[in-house]
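See structure below.
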Amino acid sequence: MKSLMSFLQLLLEEIGERCGVSTSRDFKEISARVEHEGISFLTISLARFGKDFTKALDEGRVDPNHFSRWSKSGSTPRFLGGMLDLVFDRRCGTLLDEPSLEAIRGIRQVTLAFAKIGLQCSREREELALTKFVEIESEILARDPYGAVNGLRERFRHTGKVLFREMFTEIDRKIYYNEIVPGHGPGATADRLLGNEKYDLAYWPRRMDDVFPFLEYAVPSWSAFHRADEVNFAEPGDEIPVKVTLVPKTLETPRIIAIEPTAVQYMQQGIKDEIYAWVKNDHVLSPMIGFEDQVPNQLLAIKGSLSGEFATLDLSEASDHVSNQHVRDLLADHPWLDAGVQACRSTKAAVPGKGVITLAKFASMGSALCFPMEAIVFLTVVFLTISEELNVPLTRNLVKDFRAKVRVYGDDIIVPVEFATAVAANLALFGYKVNGNKSFWTGKFRESCGVDAYNGQDVTPIRVRTMLPTRRQDHAQIISTVSLRNQLFHAGYSRSVEFLDVLVSRFIPFPRVHPGSSALGRHTYDGYDVHHHGGRYQQPLVKAMVVSVRIPVRKTDGYGALLKFFIKKGVKPIPDPEHLIRSGRPEVVSIKPRKVRPF
């Protein structure tokens, strides 16, 4: 904690110097609050200050409700007052005509740097998150999925047809003819199968077998048909529920994910791949909906902050609020796709301390179909709203007119600003909670897919993701700190960088390298360290630490290995020659000394 505070002091001083103000009193207040509240001041209280500041930027003034827990001088807080005076008028709290971009960037950097540090929440906060997860199920069951608005369901279904009919029809056909190519992800499963163990499937829900026959999708050859005698074809009441688990997100709240059973995830992956492939190649959908590339959202956010043309909307707990009824209505005219999606959708969840509950939501994070289906639902709501606001029927030609103006990536939604209020209202009508603190359209601030922009400039804070290392064995912290150091270097925080250089050099050799080097080294503009030349071509080499990943030993052979071959995507062989021996997510991520190229 001491080194973290020393780092913060230097960072704050550098930010103050850039803005031409003193920050010594600000650091004294931080120190006093940390001594009293602990690290939660940096991760929660300071982050709330940053969120209030961002919202004030969007609204163009400091509202009396902003910074409610901070003493004020006039309309703005005393804390960071020197920089705040470069952004807001202290007397009335209104945004200056020409606020300092450097001050905006600096205030957000110091207040939001620690908001996403990877620390485990308290048990009370974890219990609150699990309770909320269960309460959301009750909310979905209790509410009308269309807010009791006459004709809304029919308009929703029609909008889905205009947008996705061709894609749904093709996937529907592939399911009917058993042409889906399933697959396994690298993560954990509810039945605790890992890596290559997943290819020896011994569990298959009976209702899934009605749409995706085990003998078609899990048996690699005629000679393996006897495997069906060894499989547990679980009846609906005996199915393995998804396993709800908590993973660190912020110190204020954990992230909830649901770990799916192996067989269910196996078929989800197949449908997901079909959706991804179709959208990628569709000239109408690909500019408007993304699954793997966040850059279009980020660029639109920057453009919107400059021109005011686009609004960025964010939803709270988006995946947990998507009703299964909305998904079913979109797929109503495609019976095989609907049946397939429902067959590989888990209907129950095992929640720690809450027992097994029935799910009304479509799926939680952890399902391979959660991300694409929520984006499909949200895009449908967006265009339903656009059609209503323009008071014209939705057609394919109208959709094409908005290809460069609408973008959905998960729950990050970008729409033309003139539709923002109506889209937010309709999303709420459908039961989706628009996060007012992270949705922007009135001022010059925008946020989408990890990029924050003000007036056309990137003002995204550099995040501290872990505590700083205290010994050489802190491999994850060292890797993270090297990344932090290099991000700060490219942002021009020279003294903060020097502090981290000294800190990291206590534990590992820390040479100067090019950003493209595999070494854990210092990015620099002044040339690279070369310790000697070697190899066949006497290439320059540097002694450095590199990230070493150990894939666990999980062997497969026989029918499992044959199945892995037949469901392989593409014509190229699997690049890892040991893939039948080692598989799954790494057991250990460590650092090891190597001689590598410095560039």
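Here the label points at residue 230 and residue 532, each 7 Å from Cα along the C-beta direction, are separated by 5.3 nm in the simple model. Remark: spin-label model distance residue 135-residue 69 equals 1.9 nm, labels positioned 7 Å along the Cα→Cβ axis. Positive contributions from Lys and Arg (+1) and negative ones from Asp and Glu (-1), summed over other residues with Cβ under 11 Å from the Cβ of residue 128, come out at -2. Normalising the average separation of contacting C-alpha pairs (under 8 angstrom, six or more residues apart) by the number of residues puts the relative contact order of the range 2-115 at 29 percent.
Can you put 222, 204 in order of Cβ neighbours within 10 angstrom, beginning with the fewest?
Ordered by Cβ neighbours within 10 Å, fewest first: 222, 204.
Among 376, 551, the ranking by other beta carbons within 10 Å of each residue's beta carbon, starting with the fewest, stands as 551, 376. Taking each DSSP H run with n ≥ 4 as -39500 (n - 2.57) and averaging over every residue of the chain yields -12500 deg cm²/dmol at 222 nm. Exposure proxy shown here: for 568, 28, 433, the number of other Cβ atoms within 10 Å sets the order, fewest to most, as 28, 568, 433.
Placing unit charges on the Cβ atoms of the charged side chains and taking the dipole of the range 107-228 about its Cα centre, the candidate lying farthest along the positive direction among 201, 163, 111 is 111. In this structure, the amide hydrogen of residue 315, modeled 1.01 Å from its nitrogen in the peptide plane, lies closer than 5 angstrom to those of 435, counting only residues at least 5 positions away or on a different chain. Computed from phi, the 3J(HN,Hα) profile of the range 206-217 under the Karplus parametrisation 6.51, -1.76, 1.60 (θ = phi - 60°) reads 4, 5, 6, 5, 5, 10, 10, x, 4, 5, 8, 10 Hz, with x in place of Gly and Pro.
Take the alpha carbon gyration tensor of the chain, find the square roots of its eigenvalues, order them as a ≥ b ≥ c, and report rounded if a/c is under 1.5; if not, report prolate when a/b exceeds b/c, else oblate. In terms of gyration-tensor shape, oblate.
Can you give the relative contact order of the chain as a percent, counting alpha carbon pairs under 8 Å and 6+ residues apart? Relative contact order, the chain: 17 percent. Pairs from the list 249/568; 569/595; 272/592; 249/572; 272/405; 174/438 with a Cα-Cα gap above 31 Å: 249/568; 569/595; 272/592; 249/572; 174/438. What net charge is computed for the residues neighbouring residue 465, neighbours being all others with C-beta under 15 Å from the C-beta of residue 465, Lys and Arg scored +1, Asp and Glu -1? My count for the surroundings of residue 465 gives +4.
Within the shell defined by Cβ-Cβ distances under 12 Å, the residues around residue 289 carry a net charge of -2, with Lys and Arg each +1 and Asp and Glu each -1.
Length gained on full extension, residue 142 to residue 470: 113.0 nm, using 0.36 nm per residue less the C-alpha separation. Taking the simple approach of a point 7 Å from Cα along Cα-to-Cβ for both residue 495 and residue 539, what is their distance in nm? So the label points at residue 495 and residue 539 sit 4.0 nm apart.
Read the figures in this text as sums done on the coordinates, not as results from a lab. Remember, predicted model here, so these are calculated numbers, not experimental data. Using ideal geometry, Cβ is built from the backbone for each residue, glycine included, and neighbour counts are taken over all protein chains shown.
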